[in-house]
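Heads up, the thing below is written out as structure tokens.
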Amino acid sequence: MEILQPSDWTKPRGYANGTMITVEAGSRLLFVGGQIGWNGQQQFESDDLGEQVRQTLENIVAILREGGAAPSDIVRMNWYVTDKREYVAAYPAIGEHYRNLIGRHFPSMTAVQVAALVEDRAKVEIEVTAVVRGTQQSSG
């Protein structure tokens with residue numbers, strides 16, 4: 001297992017931002033730990049949910065890139081939000097940020113409301129699983 005940590009980010013304490021496992025035929029599984037709306041130096045730049053989603057998605061893309069993956073390799077996303085009504089109201093901004101950063105790629109997703117996240121200012125946390133396919137050698 002390889003830890004995925006962008007070199008210009010502050011090292012997390014007690015968890016990994018992402019991990020990668022190489023599997024059969026050179027394919028790799030990437031697991032991006034729950035990302036929140038703070039930057040690589042663990043500082044929030046906004047308390048707006050839409051902006052926190054944008055930063056969270058930017059964080060996910062950066063970790064995927066560390067593992068040689070792209071947003072199109074995402075196969076699953078789990079979203080945790082602290083306020084369902086605020087999340088629904090922010091759909092337009094969330095959709096715009098999603099399309100700008102992830103594209104028109106729609107993996108299986110789960111979204112749930114939680115009582116709170118560990119970081120008090122966090123309004124969203126997203127975890128991702130991605131599969132980067134290896135090269136397949138054909139016979140014959």
Tally the residues that are aliphatic (A, V, I, L, M) and either loosely packed, with under 13 Cβ neighbours inside 10 Å or over 14 Å from Ile36 (Cα atoms) (or both), restricting the search to segment 115-131. 5
Against the definition (part of a helix (DSSP H, G or I), within 27 Å of Trp9 (Cα to Cα), of a type in the set (Phe, Trp, Tyr) and at pLDDT 95 or above), how does Tyr98 come out, yes or no? yes
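Okay, residues lined up against (1) of a type in the set (Ser, Thr, Tyr); (2) touching a residue at least 24 places away in the same chain (Cβ under 8 Å):
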site	(1), (2)
Met1	no, no
Thr10	yes, yes
Arg13	no, no
Ser27	yes, yes
Leu30	no, yes
Ile36	no, yes
Ser46	yes, no
Gly50	no, yes
Ala62	no, yes
Yes/no for Met77 being loosely packed, with under 13 Cβ neighbours inside 10 Å and closer than 24 Å to Thr19 by Cα: no
Need the failing condition index for Gln41 against (1) closer than 14 Å to Glu125 by Cα; (2) touching a Phe, Trp or Tyr at 6+ places or on another chain (Cβ under 8 Å), just the number. (1)
Glu45 modelled with pLDDT of 95 or more, under 16 Å from the mean Cα position of the chain (by Cα) and acidic (Asp, Glu): no
Restricting attention to segment 94-111, does a residue exist that is touching a Pro at 6+ places or on another chain (Cβ under 6 Å), touching a residue at least 40 places away in the same chain (Cβ under 8 Å) and within 20 Å of Val32 (Cβ to Cβ)? yes
Whether any residue in segment 55-67 is in a helix (DSSP H, G or I), within 17 Å of the chain's Cα centre (by Cα), more than 16 Å from Ala130 (Cβ to Cβ) and among the charged types (D, E, K, R) is what I want to check. no
Which of the following residues is among the basic types (Lys, Arg), in a loop (DSSP other than H, G, I, E, B) and more than 25 Å from Trp9 (Cβ to Cβ): Arg104, Arg85, Arg121? Arg104
Can you say whether Gly33 is part of a loop (DSSP other than H, G, I, E, B) and either surrounded by 15 or more Cβ atoms within 10 Å (Cβ to Cβ) or within 14 Å of the chain's Cα centre (by Cα) (or both), as far as the supplied structure shows? no
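The values are calculated or read from the model by the stated rules, or taken from the named source; none is laboratory data. Because the structure is a prediction, the values reported are computed rather than measured. Reconstructed Cβ throughout: ideal geometry from the backbone, glycine too, with neighbour counts over all protein chains shown.
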